Amino acid sequence: MAPGLRQHHLLGISELTREEIELIFHRAEAYLPYCRSAQHRLPDLRGKTVVLAFFEPSTRTRVSFELAARRLSADVVSFQAAASSLAKGESLFDTVQTLEAMGIDALVIRHRASGVPWLLRRFLACSIINAGDGQHEHPTQALLDGFTLWKYFGRLQGLRVCIVGDVLHSRVARSNIALLRLSGAEVAVCGPATLLPQNAEQVWGVRVFWNLREAVKWADVLNVLRLQRERMESGLVASSEEYHRFFGITEQVVTWNPAVRILHPGPVNYGVELVPEVALGANSHIRQQVPHGVAIRMAVLSLLLGGG
Ligand code: ASP
């Protein structure tokens, strides 16, 4: 078992403790100076093999897992779902068992069906890391978002974080809410009623704002989400323009609370949920989230695979 973590998988935030989250943050902080440069490759995962199996599109998450593994000297194999025997009808289960039989240490998996990493855990002995399952969990995104706030504020306890936008279809929202609540933050959601879960207060333990101005005045942080159209039934929002008018984060919105900090997991749809002036402005942490994602994934890999 990996030192410091009770499991050798990372499937969801729901399976971590507050102490484990802090352990990952401290390890990520130690790796931060190494995450930008290939010149100082650390030996921590030498001799380990990490397979990236992304069955859904990804830019940031896939590249940052790959960089993280390489920075720690692991061998990395990127499995191309479209070019594999899956296209010949092989099942997901046979595919991952074949991969495991080749002697891998970790499988980083993204899949459009919620729950796939939990299903695989029952059959595979290698470490499984969930890189996003349907609209369910995206634990390393929540860890890097939390880490970004922890670095800036020095704490998560007592912070007021409002998640704005399409919360209903977002795995980022679910994992963030779990991590922030576990860490003692106050969490709210804000968006059109059609994009918020029913009974969010009771079921998720969050505050609900229907009005963006009230949410912005309340919050220390806005975590802004994209409309997840690939998972959305049609008709939940009238149009992107109308969504932007009521819930888009613009320079004027920031004037309601000039201290408010802005996060976004990417990819951003500019002009819909966020304008470039705010994304690139003084309140934004979006640029820092990217290297923090590499450092967090280095920390997760090394803690799960016993390096460092
Ligand atoms: N990149 C994040 C995810 O994979 C957020 C998004 O796609 O909007 O869930």
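FYI, it's all coordinate maths here, none of it is from the lab. This one's a predicted model, so the numbers in the text were calculated from it and none came from an experiment. Positions of Cβ are generated from backbone atoms using ideal geometry, with glycine treated the same way; all protein chains shown enter the neighbour counts.
Loop exposure criterion: GluC sites (Glu not before Pro), DSSP state outside H, G, I, E and B, at most 13 other Cβ atoms within 10 Å. Applied to the chain, the longest stretch between such sites is 91-232. Alpha-carbon geometry of the chain: the Rg and the Dmax are 19.1, 56 Å, given in that order. Ordered by the number of other Cβ atoms lying within 10 Å of each residue's own Cβ, fewest first, Lys217, Lys151 fall into the sequence Lys217, Lys151.
The length gained by stretching the chain between Asp75 and Glu233 to full extension, at 0.36 nm per residue less their Cα-Cα distance, is 52.8 nm. Counting beta carbons within 10 Å around each of Thr148, Thr59 and listing the fewest first gives the order Thr59, Thr148. Within the listed set Pro117, Pro276, Pro265, the residue fluctuating most in the Gaussian network model of the chain (springs between alpha-carbon atoms under 10 angstrom) is Pro276. Contact order, relative form, for the stretch 130-201: 35 percent (alpha carbon pairs under 8 Å, 6 or more residues apart, mean separation divided by residue count). Compared with the dominant Cα axis of the chain, that is its longest principal axis, helix 92-101 is turned about 50°.
The amide H of Ser78, built 1.01 Å from its N in the peptide plane, has Leu52 as neighbours under 5 Å, considering only residues 5 or more places off or on other chains. Between the alpha-carbon centres of the stretch 3-71 and the stretch 91-116 there is a gap of 18 Å.
Working from label points 7 Å from Cα in the Cα-to-Cβ sense, the Met102 to Arg122 distance is 2.6 nm. Counting charges near Phe54 (Lys, Arg +1; Asp, Glu -1) among other residues having Cβ under 9 Å from its Cβ returns a value of +1. When the square roots of the Cα gyration tensor eigenvalues are ordered a ≥ b ≥ c, the ratio a/c for the stretch 42-170 is 1.5 or more and a/b does not exceed b/c, which makes its shape oblate. Per the Debye formula on identical point scatterers at the alpha carbon atoms of the stretch 1-51, with no solvent, log10 I(q)/I(0) at q = 0.28, 0.29, 0.30, 0.32 Å⁻¹ is -1.17, -1.17, -1.18, -1.20. The amide H of Leu10, built 1.01 Å from its N in the peptide plane, has Ile128, Ile129, Asn130 as neighbours under 5 Å, considering only residues 5 or more places off or on other chains. Under the simplified labelling scheme, the Glu19-Asn269 pair shows an inter-label distance of 4.3 nm, with each label point 7 Å from Cα along Cα→Cβ. Sorted fewest first by neighbouring Cβ atoms within 10 angstrom, Cys190, Cys126 come out as Cys126, Cys190.
3J(HN,Hα) couplings calculated from phi for the stretch 174-179 with the Karplus curve 6.51 cos²θ - 1.76 cosθ + 1.60 (θ = phi - 60°) are, in sequence order, 4, 5, 5, 4, 4, 5 Hz; Gly and Pro show x. Summarising the amide proton neighbourhood of Arg160: residues at separation of 5 or more, or on other chains, whose placed amide H is nearer than 5 Å comprise Glu186, Asp220, Val221. Size descriptors for the stretch 205-268: radius of gyration and Dmax over Cα atoms are 12.7, 36 Å.
The string of couplings for the stretch 286-301 from the Karplus curve (6.51, -1.76, 1.60, θ = phi - 60°) is 5, 5, 6, 4, 5, x, 4, x, 5, 4, 5, 6, 4, 4, 5, 4 Hz, one whole number per residue in order, with x for Gly and Pro.
Annotation for the stretch 207-260: chymotrypsin sites (Phe, Trp or Tyr not before Pro) lying in DSSP loop with at most 10 further Cβ atoms inside 10 Å of their Cβ do not exist.
Once a ≥ b ≥ c are taken as the square roots of the eigenvalues of the Cα gyration tensor of the stretch 214-308, is the result rounded (a/c under 1.5), prolate (a/b larger than b/c) or oblate (a/b not larger than b/c)? Judged from the Cα gyration tensor, the stretch 214-308 comes out oblate (a/c at least 1.5, b/c at or above a/b). Within the stretch 99-143, the percentage of alpha carbon pairs spaced more than 16 angstrom apart rounds to 35%.
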